[in-house]
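What follows is calculated from the coordinates using simple rules that are stated; it is not laboratory data. Keep in mind it's a predicted model, so treat the numbers as computed, not measured. Every residue, glycine as well, gets a Cβ built from its backbone with ideal geometry; the counts of neighbours run over all protein chains shown.
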Amino acid sequence: MPVAPTSPIHHIQVGDSVTGLYYALAAIALFIATIAIANTTLLNTIERRPEIGLRRALGAKRSHIARQITLEAAITGTIAAIAGTAPLRLEVNHDDSEPCDALI
């Protein structure tokens with residue numbers, strides 16, 4: 001017997017599909033953001049070759065330079081994540097009974 005469109009079971013199935021779609025979109029966005037941060041880090045490292053060479057000549061170890069570059073990439077990713085989720089947090093935490101003017 002087919003399920004009527006107004007039954008609670010139908011709403012649960014549609015809700016699960018939408019949730020799965022949101023997870024898939026979030027995974028794709030995370031993958032693209034990871035590639036963008038890796039690209040930015042690579043370009044930053046290439047542009048700073050003279051500085052890295054000078055630091056190595058003055059006695060800095062490879063691990064110190066690698067730690068600095070990794071820390072800079074982590075800070076960049078954290079700031080981007082905070083900036084990207086701030087509008088969403090404003091929308092989710094807003095009361096649904098009133099129109100939201102927080103993003104305008």
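Each label point was placed 7 Å from the Cα along the Cα-to-Cβ direction; for residue 39 and residue 18 their separation is 3.3 nm. With point charges of +1 on the Cβ of Lys and Arg and -1 on the Cβ of Asp and Glu, referenced to the Cα centre of segment 26-85, which listed residue (58, 39, 27) lies farthest in the positive direction of the dipole? Positive-end residue among those listed: 58.
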